[in-house]
Amino acid sequence: MPWRDQIQRHLLEQRPESVCALDEAAYRMAQAILPATPVSRPDNPPNTPCTLALGIDVLSHLNAQQAHRLINHTRLYVAPRILLAAQPDCALDAAAFRALGFMLSATDPTDATRVFHYDLDTYKTVPDWLNARYWAHPERWNT
């Protein structure tokens with residue numbers, strides 16, 4: 001599936017309340033796909049976090065350190081969910097995205113553009129051992 005179709009499908013499924021475009025191409029795409037949704041321009045970020053940050057060309061000319069910095073800033077201050085298109089010349093590989101908590105949504109077979117998504121609510125599954133069953137044992141308390 002072409003990467004633009006994958007992003008469109010993701011946006012239509014998620015229907016975010018607001019979108020923060022990280023670059024001009026993302027702004028145009030979000031406006032076209034979600035015309036009723038508020039979309040902030042990359043040169044005029046909102047005062048409050050958006051529901052979703054969208055980046056199409058934002059990573060294209062960044063080195064790995066700049067890309068890490070941008071992604072960390074985005075998920076801390078801009079939006080808890082991020083959707084990024086990583087062009088073939090992106091400085092970050094799939095392992096770097098995975099290390100940042102991203103999941104690969106699709107790879108376009110025609111130009112090798114990859115689509116990654118991040119969601120703060122689901123980026124890490126809770127392990128089975130991390131629950132009250134293993135931590136609280138009231139029957140062992142001395143009364």
Checklist entry - So what is the orientation-averaged projected area of the chain, using the convex hull of its C-alpha atoms, in nm²? => result 11.9
Item to check | Dipole magnitude of the stretch 53-137, debye to nearest 20 (Cβ charges: Lys/Arg +1, Asp/Glu -1, about Cα centre) | outcome: 360
Checklist entry - What is the dipole size for the chain, taken about its Cα centre, with +1 at each Lys and Arg Cβ and -1 at each Asp and Glu Cβ, in debye to the nearest 20? => result 360
Item to check | Under Karplus coefficients 6.51, -1.76 and 1.60, residue-wise ³J(HN,Hα) of the stretch 22-31 in Hz, glycine/proline x | outcome: 8, 7, 5, 5, 5, 4, 4, 5, 5, 4
Checklist entry - Over what distance in Å are the Cα centres of the stretch 74-114 and the stretch 36-55 separated? => result 18
Item to check | Antiparallel content of DSSP bridges confined to the chain, in %, to 5 | outcome: 55
Checklist entry - In what sequence, highest mean first, do 10-18, 43-51 appear when ranked by Cβ atoms within 10 angstrom? => result 10-18, 43-51
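Each reported figure results from applying straightforward, stated rules to the coordinates on display, with no laboratory input. In this text, all values refer to a predicted model and were calculated from it rather than measured experimentally. Reconstructed Cβ throughout: ideal geometry from the backbone, glycine too, with neighbour counts over all protein chains shown.
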